[in-house]
Amino acid sequence: MLITGASTGIGAETARMALDRGYRLVLAARGEDKLQELEANLGGGDDVFVKTCDVTEWDQVQDLVAAGTDRFGGLDVVFANAGFGASRGFTEETVEHWKAMVLTNVYGVALTIRATLPAMLERGTGHYLVTSSVAGRRALPGSLYSATKWAATAIGEALRQELRSMHDNTAIKVTLIEPGMVDTPFFDDRPENALQSEDIAEAVMYALSQPDRADVNEILIRPSSQPT
């Protein structure tokens, strides 16, 4: 299983849970220190491979996929999870922050798919997961982040349709993971009554555990206290 944005939050918890359930891991993030800390927390070993990667840089994404494939012989699951947010309001944040967010949340997902899809098609089976958001299902006031997650939602569905209609493939699955508020480092002020990272990781594991006949396309998961 390849996970981008693996060093904290949903990515890190998914890595822990997947390792416990027998997956070998290719874990990527931009920060080397956090990746190494995660590797140590996971116990290191031959089943965990970490590599720094900025998903907005094509050469780095290609290098990540090549290194992970060389290590384990191939990829069964690709979790395009890397992303970050921004303050609401079109007069907030710097334009540089906006650009980095759009590139990571949208372009980075597309590059992750592009780098892994040829080998996945050659094998004929596999599973893609894309982290979108409840914000990718409804617009939020002044939220460019919401627009990036609408794009991530569209990418996931576009990939599923490409596999089914352009490649006539019914064995490679695609699942959009759409969390509401999750208590992760995504938020500067940690929200109360939020989901925990393990709740989202369990949703990932649920999608991966389904029989071949079932393709779970979307999982929208909100805190029970979140009204919209």
Near pairs, Cβ below 9 angstrom, 6+ apart or cross-chain, from region 42-58 (within 17 Å of D20 (Cβ to Cβ) and buried (at least 18 other Cβ atoms within 10 Å of the Cβ)) to any residue that is among the aromatic types (F, W, Y) and at pLDDT below 95: none
Quick check, is I200 assigned to a strand (DSSP E or B), of a type outside the set (S, T, N, Q), within 24 Å of W150 (Cβ to Cβ) and at pLDDT 95 or above? no
Please state which of the following conditions T175 fails to meet, knowing it meets all the rest: (1) in a strand (DSSP E or B); (2) more than 18 Å from I10 (Cα to Cα); (3) among the β-branched types (V, I, T). (2)
Within the bounds of region 124-138, is there any residue that is part of a helix (DSSP H, G or I), modelled with pLDDT of 95 or more, over 19 Å from I10 (Cβ atoms) and not hydroxyl-bearing (S, T, Y)? no
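Conditions (1) free of Cβ contacts under 8 Å to residues at least 40 places away in the same chain; (2) under 25 Å from R21 (Cα atoms); (3) surrounded by fewer than 22 Cβ atoms within 10 Å (Cβ to Cβ), marked per residue:
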{"position": "R138", "(1), (2), (3)": "no, no, yes"}
{"position": "R160", "(1), (2), (3)": "no, no, yes"}
{"position": "S165", "(1), (2), (3)": "yes, no, yes"}
{"position": "P179", "(1), (2), (3)": "no, yes, no"}
{"position": "D183", "(1), (2), (3)": "yes, yes, yes"}
{"position": "M205", "(1), (2), (3)": "no, yes, yes"}
{"position": "N217", "(1), (2), (3)": "no, yes, yes"}
{"position": "L220", "(1), (2), (3)": "no, yes, yes"}
{"position": "Q226", "(1), (2), (3)": "no, no, yes"}
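The values are calculated or read from the model by the stated rules, or taken from the named source; none is laboratory data. For clarity, every value in this text was computed on a predicted model and none was experimentally measured. We place every Cβ from the backbone using ideal geometry, glycine too, and count neighbours over all the protein chains shown.
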